[in-house]
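Written below as structure tokens is the structure these notes are about.
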Amino acid sequence: MTGDGWSIGPFGLDGGKGATLSGLRTVLVVVHHLTAATRLADVAPLVERDRRVQTVYTVAPSSALAAGTARHLAASGALTIPFAQAAQTRFDLAVAAGDGGLERVHAPVLMLQHGVGPGKLGRRWDGAGPPAARPVAGMRREAFVA
């Protein structure tokens with residue numbers, strides 16, 4: 001990291017300078033909280049093992065549950081950059097298991113479900129009104145990108 005908190009690495013405008021491999025791609029892994037971090041840990045190694053891909057991590061500031069996430073990434077040895085820097089850098093792909101702040105990322109986004117809850121049917125309670133459809137957790141229409 002530099003003195004102003006930004007990281008220097010094989011990404012961004014000068015990312016190609018001194019590169020020893022041509023065709024290097026950069027993937028940004030956007031982590032919203034620890035649950036998302038564990039889900040992304042299942043997927044990130046699939047791209048990290050490809051030497052043509054540089055994987056960079058950032059913690060999205062949009063989650064109230066982000067406490068400890070930066071420490072977790074640091075302990076895992078992940079190359080991390082501040083979200084403000086990630087939001088001003090172009091990447092070839094971003095992978096996330098949450099949706100907050102992704103509109104600020106300059107990359108195509110692959111959004112994954114982040115745990116057991118998404119995709120299950122929501123609970124219904126008996127009431128005075130007519131029966132309602134059971135909502136599917138994690139399937140909010142506004143979370144999908146057109």
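Counting the residues of the stretch 35-64 that are surrounded by fewer than 16 Cβ atoms within 10 Å (Cβ to Cβ) and farther than 14 Å from ALA96 by Cβ gives 8.
Can you tell me which residue is surrounded by the most Cβ atoms within 10 Å (Cβ to Cβ) among those in the stretch 74-94 that are closer than 9 Å to VAL56 by Cβ and touching a residue at least 60 places away in the same chain (Cβ under 8 Å)? Steps first, answer last, please.
Step one: list which residues in the stretch 74-94 are closer than 9 Å to VAL56 by Cβ, which gives 78-81, 86, 89, 91.
Still in the running and touching a residue at least 60 places away in the same chain (Cβ under 8 Å): 79-81, 89, 91.
Working: LEU79: 15, THR80: 22, ILE81: 22, THR89: 22, PHE91: 25.
Here the residue is PHE91.
Hey, among the residues in the stretch 78-117 that are at pLDDT below 95, β-branched (Val, Ile, Thr) and part of a strand (DSSP E or B), which one's nearest to the chain's Cα centre (by Cα)? If we take residues in the stretch 78-117 being at pLDDT below 95, β-branched (Val, Ile, Thr) and part of a strand (DSSP E or B), then VAL109 is nearest to the chain's Cα centre (by Cα). Any residue at all in the stretch 38-49 that's assigned to a loop (DSSP other than H, G, I, E, B) and at pLDDT 90 or above? Within the stretch 38-49 (the criterion being assigned to a loop (DSSP other than H, G, I, E, B) and at pLDDT 90 or above), the answer is yes, since at least one residue qualifies.
The values are calculated or read from the model by the stated rules, or taken from the named source; none is laboratory data. If you're wondering where the values come from, they're calculated on a predicted model, not measured in any experiment. For neighbour counting, all protein chains shown are included, and Cβ atoms are generated from backbone atoms with ideal geometry for every residue, glycine included.
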